[in-house]
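One structure is given here, and the rest of the page talks about it.
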Amino acid sequence: MSVDDLKALVRTVPDFPHRGIQFRDITTLLSHPQGFAASVRHLARFASEAGAQKIAGMEARGFIFGAAVAVELGIGFLPVRKPGKLPVEIIGIDYDLEYGQDRLEIDPGAVNPGETIVIVDDLIATGGTARATAQLLRKAGAEVGHAVFVIDLPDLGGADTLRAADVAVHALMHFDGE
């Protein structure tokens, strides 16, 4: 399936979660077997070209696409978790959101020093979570130079935020507006 075919599978929900927001819902893409498989193959191609030795995905939708890309490439998957989810020694990073703060954590034993890890997620908006993920993975000793997304919302500037942190950004599709 072409990227245009995949883009047509993404449902737009107006005024969610707030008036004026055009929510890009991937549920319709995920529920379409050929569309989901094709999107994973496209993401895997980007990750492979970036030299991925492992894929990292952020909780929760990054788990869906990231794990599928890792399986497609035959490499490992590293879940980037919300606080308190891992039963082992962790390293974490606190980061700012639009309205507050959040935290991400990983098992540092899941990262081999110098390993090339590519970040995979469903959507990049403001880029805060993806940038924090790159920082956290680098703190654990990984090489992080690429992130791939199903959707980029370029008007929100997240891809530029990642590029400023020396992370190349690849997205299957772009939607203007918020």
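Details
- Each label was represented as a point 7 Å from its Cα along the Cα-to-Cβ direction; for Arg61 and Val88 these points are 2.9 nm apart.
- P(r) weight above 22 Å for the chain, C-alpha pairs, percent: 41
- DSSP bridge analysis restricted to the chain gives an antiparallel fraction near 35%, rounded to the nearest 5.
- Length gained when the stretch Asp96-Thr126 is fully extended (0.36 nm per residue, less Cα-Cα span): 9.7 nm
- Anisotropy class of region 126-171 from Cα gyration tensor, a/c 1.5 cut: prolate
- Averaged over its residues, region 50-112 has an accessible area of 53 Å² per residue, based on protein heavy atoms and a 1.4 Å probe.
- A DSSP coil position with no more than 11 other Cβ atoms inside 10 Å describes the following trypsin sites (Lys or Arg not before Pro) in region 17-85: Arg19, Lys85.
- Cβ charges +1 (Lys, Arg) and -1 (Asp, Glu), total dipole of the chain, debye: 320
- Once the chain from Ala165 to Ser48 is taken as fully extended at 0.36 nm per residue, the excess over their C-alpha distance is 40.0 nm.
- Compared with the direct C-alpha span, the chain from Asp107 to Asp176 gains 21.2 nm at full extension, assuming 0.36 nm per residue.
- Separation between Cα centres of region 114-178 and region 20-39, rounded to whole Å: 19
The values are calculated or read from the model by the stated rules, or taken from the named source; none is laboratory data. For clarity, every value in this text was computed on a predicted model and none was experimentally measured. Don't worry about glycine lacking a Cβ; one is built from the backbone with ideal geometry, like all the others, and counts go over all protein chains shown. For the accessible areas, the whole protein counts, side chains as well, though only heavy atoms, and no ligand, DNA or RNA atoms are used. Shrake-Rupley method; radii C 1.70, N 1.55, O 1.52, S 1.80 Å.
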